[in-house]
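Q: The following block contains the structure, expressed as structure tokens.
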């Protein structure tokens, strides 16, 4: 999924600001540098989607059987007048979530965020 997210982000015009400014070192405290960089990059895409495209990707969690935590994503897309809507309709929000759409949940926050970002990037026209 990582390669798909990277390709979609580039295709839609996203350019990172955070990753290039992070110092690189193989020693502590950057022990898990690539994981950290990728997570920060996903957060940066999340912010870019809100600011440039009015698309909000949120990750939520729930406890299953009082023992396991499951993560899902939801996407809220701000649809303004003229984007397939009647002229007399005020601003509108379209919401999609991973469970009702795909019956999917993930074991980690990062996996859920990654999949939600992929779905959100596909909404950009």
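Q: Just subtract the alpha-carbon distance of residue 35 and residue 96 from 0.36 nm times their residue separation and send over the number in nm, one decimal.
A: Working: separation 61, 0.36 × 61 = 21.96 nm, distance 2.74 nm.
Residue separation times 0.36 nm, minus the Cα-Cα distance, leaves 19.2 nm.
Q: Hey, another quick one. If you rank 56, 35 by fewest surrounding Cβ atoms within 10 Å, what's the result? Before the final figure, lay out each step's value.
A: Details: 56 17, 35 10.
In order of increasing Cβ crowding within 10 Å: 35, 56.
Q: Ok, one more. Can you put 111, 51 in order of Cβ neighbours within 10 angstrom, beginning with the fewest? Mind dumping the intermediate values first?
A: On the way: 111 16, 51 9.
Least to most surrounded, the residues fall as 51, 111.
We did not get these values from a lab; they are worked out from the coordinates using the rules stated. This is a predicted model, so every value here is computed, not measured. All Cβ positions, even for glycine, are placed from backbone atoms using ideal geometry, and neighbour counts span all protein chains on display.
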